[in-house]
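**Student:** Just dropping this structure here.
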Amino acid sequence: MQLVPTSSRSGDSLTTDSALHDASSTQQDLASLAQQARWQVIKTVTNAKAGHIGGPLSMMDLLVTLYFEELRVDPSDARAEDRDRFVLSKGHAAIGLYSVLALRGFLPLDELATFDKGDSRLQGHPDVTRLPGLDSSTGSLGQGLSVGVGMALGAQLGQKDFHTWVMLGDGEIQEGMIWEAVQVAARYKLSNLTAIVDRNGLQQFGLPSSAETTLTDRGDRRDPWFGVDLAAVFQAFGWRVVEINGHDYGQIRSAYKLARAGDYEGRPTVIIAHTVKGKGLSLAEGVHTWHSIVPTADDFEKARRELEPDELEILDNNPTSKNGAEA
């Protein structure tokens, strides 16, 4: 299933359970939050002299919409039993998740400056034992969907109402363990499970583009799934497939609503979100070397001019972001 652009919804807002998240957002609010989160990623990686940029930026619109509109979570009760679960399977993109968690109120914004330090709660890959708001430790690629399957199956057996969401990288899903989890999710009819594939078409150590691939490559390297119809593969395993533009808030919203509503056949849902690696920073868009890189002083200044928000009014409406959640 493909979702077409829904420009007529530009003024719409979605709300989740009002007891968990009272604020609704316009698409302009979401774009402002995503810009702020991208800027936090650049600042943090530059300060830490370590981290990933391309992948966090490509998934940012998906993540901001999920956390500010769809995910049933509460920063003041980060371990609530009925909360939705989220697993960042592409754990190397952790700084993107930390930036969104900070904006959403799970930790103070200024704690991002501790990223990747030995005593920090914000390690280079998510550590569930350190930071409220995380549901799983990840980092070894290919394992996150299996964790999500377990969560969704547990909810099904325990008759719990929460939904489980898993963010996957399109390079990561070359791992065989992913497809074992795909098969099991369909077998147990886990309609309470949604996988989101950040389909940016670019991985750190991919093959060079060729005359055969260049017309479909979306970056300066070969698409890791060149010549493969991923939608058809997931469908063959028994999943419901939704393909969207991963930077179009209207399409993202619609896909999330559809996923949460479940499927009458009991199928799990995969959202194949077509994105641009490094989205939002012109230096990084479609450039594989920005997968993991520390910006130079010149790069940082260019990023500042593009991303540093002129005003942060959106944060004034979300005061929890200043204090964060208690461990």
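**Student:** Hey, could you pull the Cα Rg and Dmax for region 26-316, both in Å?
**Tutor:** Using the Cα atoms of region 26-316, the pair Rg, Dmax is 18.0, 54 Å.
**Student:** Using a 10 Å cut-off on Cβ atoms, rank the peptides 80-86, 206-212, 40-46, 267-273 from the highest mean neighbour count down.
**Tutor:** 267-273, 40-46, 80-86, 206-212
**Student:** Further question on the same structure: Enter the per residue convex hull volume of region 182-309, computed from alpha-carbon coordinates, in Å³ rounded to the nearest integer.
**Tutor:** 134 Å³
**Student:** What's the extension gain from Thr213 to Ala232 if we count 0.36 nm per residue and subtract their Cα-Cα distance?
**Tutor:** Extra length from Thr213 to Ala232 when fully extended: 4.9 nm.
**Student:** Highest mean first, what order results for 167-175, 196-204, 56-64 on Cβ atoms within 10 Å?
**Tutor:** Top to bottom by mean Cβ count within 10 Å: 56-64, 196-204, 167-175.
**Student:** Using the per-residue mean of other Cβ atoms lying within 10 Å as a proxy for protection, in what order, highest first, do the peptides 66-73, 300-307, 185-192, 98-105 fall?
**Tutor:** 98-105, 66-73, 185-192, 300-307
**Student:** Distance check, please: which entries in Lys49/Lys302; Lys160/Lys189; Lys277/Lys302; Lys90/Lys160; Lys43/Lys279 exceed 20 angstrom between their Cα atoms?
**Tutor:** Checking Cα-Cα distances, Lys90/Lys160 exceed 20 Å.
Every read-out reported here was derived from the displayed coordinates using simple, explicitly stated rules and does not represent laboratory data. As the structure is a prediction and not an experimental result, all values here were calculated from the model. Backbone-built Cβ (ideal geometry, glycine too); neighbour counts: all protein chains shown.
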